[in-house]
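Structure, as structure tokens:
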Amino acid sequence: MNKIEIQMKRIVSSAVVLSFILLTACNNEDKKTTRKEPVPKTTADSLMIDVMNGHDQGMAKMSKLSVMQARVQQVLDSMAKLPAKMQEAADPYKRNLNGLLEDLKSAKDGMEKWMDEFNMDSAINNIEMRIKYLGNEKLKVSKVKENIISTLQKADSLLKANL
């Protein structure tokens, strides 16, 4: 075989492998989106689904919290390298960024704390207590999720406003 034939075989082989990977990835994505929601049979089941949905929605934003923390820290680090007069002029923005950094950490800590304290099997043998517990947890996880979302919105606004 000459060099051209060898290169053509490599290209064809690479194209076949790449096509297989893309098809497999597309098929896996379809499986994720067709996830069946459990059908609640009781009030407790319905509350548990609500709690888990709140958890899932909040967790979906956790990586963005980390990304935003890193971006804010990067901006703060860059500001620290500015000349003294520019740092002084940027002091109000720096204070806002420091507050935002604390809010981002707090939102992340809130989800972690809720997860640590949540007991999926709480009062499993006492339906009235279970319903009460899950109702309270639904409220808690909803607050945690809303805190995450509002903090990310604040971060987006603050970072975009001063770019």
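Each value in this text was obtained by applying a stated rule to the coordinates, not by laboratory testing. All of these numbers come straight from a predicted model, not from anything done at the bench. Cβ sites come from the backbone with ideal geometry, for glycine too, and all protein chains shown count toward neighbours.
Tabulated results
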read-out	value
Net charge of Cβ neighbours under 14 Å - reference Ile127; Lys, Arg +1; Asp, Glu -1	0
Residue pairs, from the table Lys61/Lys140; Lys64/Lys140; Lys81/Lys108; Lys94/Lys138, whose Cα atoms sit over 25 Å apart	Lys81/Lys108; Lys94/Lys138
12 Å beta-carbon shell around Leu104, net charge (K/R +1, D/E -1)	+2
Environment charge of Lys85, counting only residues whose C-beta is closer than 15 Å and scoring Lys/Arg +1, Asp/Glu -1	0
Scattering curve values for region 56-133, log₁₀ I(q)/I(0), Debye with Cα scatterers, q = 0.15, 0.20, 0.27 Å⁻¹	-0.67, -0.89, -1.17
